[in-house]
1. Can you name the helices (runs of 4 or more DSSP H) wholly within region 61-124 that have at least 3 residues being touching a Leu at 6+ places or on another chain (Cβ under 7 Å)?
2. Hey, any hits in region 53-65 for a residue that's under 13 Å from the mean Cα position of the chain (by Cα) and open to solvent by less than 30 Å² (accessible area, probe 1.4 Å)?
3. Could you tell me which numbered condition Ala22 fails, if it satisfies all but one of (1) more than 20 Å from Gly116 (Cβ to Cβ); (2) free of Cβ contacts under 8 Å to residues at least 24 places away in the same chain; (3) loosely packed, with under 13 Cβ neighbours inside 10 Å?
4. Only one residue in Glu71, Glu11 is open to solvent by less than 40 Å² (accessible area, probe 1.4 Å), among the acidic types (Asp, Glu) and under 18 Å from Pro114 (Cβ atoms). Which one?
Amino acid sequence: YRAGKFDRAAELMAGAVQERPADPRMQTQLAWALVEQRNPESAIQRFHSVIYQDRTPVNSDWKRHSRIINEAHIGLAVAYRQSQVVELAKNEFSGASRSQPEWMNPQWVGALYPPGVAKTIDEL
């Protein structure tokens, strides 16, 4: 994914999600790959599964769990923006960026996510 090989990333992550469907990190990574494949409907579905399924963090790692949930909200904002659902995108981004302000830093986003994600977040 980080190397820009989104089709291969989606393929590998889809297999990983089949093996471990309850893993929110894998679901989130697959959803990001789907965003880059311009498949916002499937990405939205994946991000929703991370946000709305009741999962207890492994080893009570609540901080990591909350960061994954927050990242899923950001991903949802990006996927909504791709789908031209601008108000929902802005609402998701606004709430998530309050919880994790680094999403407001374009350099931070650009260092960790592909240019398309960084551009979309900049638009929000």
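The values are calculated or read from the model by the stated rules, or taken from the named source; none is laboratory data. Remember, predicted model here, so these are calculated numbers, not experimental data. Cβ atoms come from the backbone with ideal geometry, glycine included; neighbour counts cover every protein chain shown. We work out accessible area using only protein heavy atoms, side chains counted, and drop any ligands, DNA or RNA first. Shrake-Rupley method; radii C 1.70, N 1.55, O 1.52, S 1.80 Å.
1. By residue number, 62-82, 86-99.
2. There is no residue in region 53-65 that is under 13 Å from the mean Cα position of the chain (by Cα) and open to solvent by less than 30 Å² (accessible area, probe 1.4 Å).
3. Here Ala22 meets the rest and fails (2).
4. None of the other options fit; the residue is Glu71.
Conditions tested, residue by residue: (1) buried (at least 19 other Cβ atoms within 10 Å of the Cβ); (2) more than 22 Å from Ala3 (Cβ to Cβ); (3) among the hydrophobic types (A, V, I, L, M, F, W, C); (4) in contact (Cβ under 8 Å) with a residue 40 or more places away in the chain.
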residue: Ile44; (1), (2), (3), (4): yes, yes, yes, no
residue: Val50; (1), (2), (3), (4): yes, yes, yes, no
residue: Asn91; (1), (2), (3), (4): no, yes, no, no
residue: Pro101; (1), (2), (3), (4): no, yes, no, no
residue: Lys119; (1), (2), (3), (4): no, no, no, no
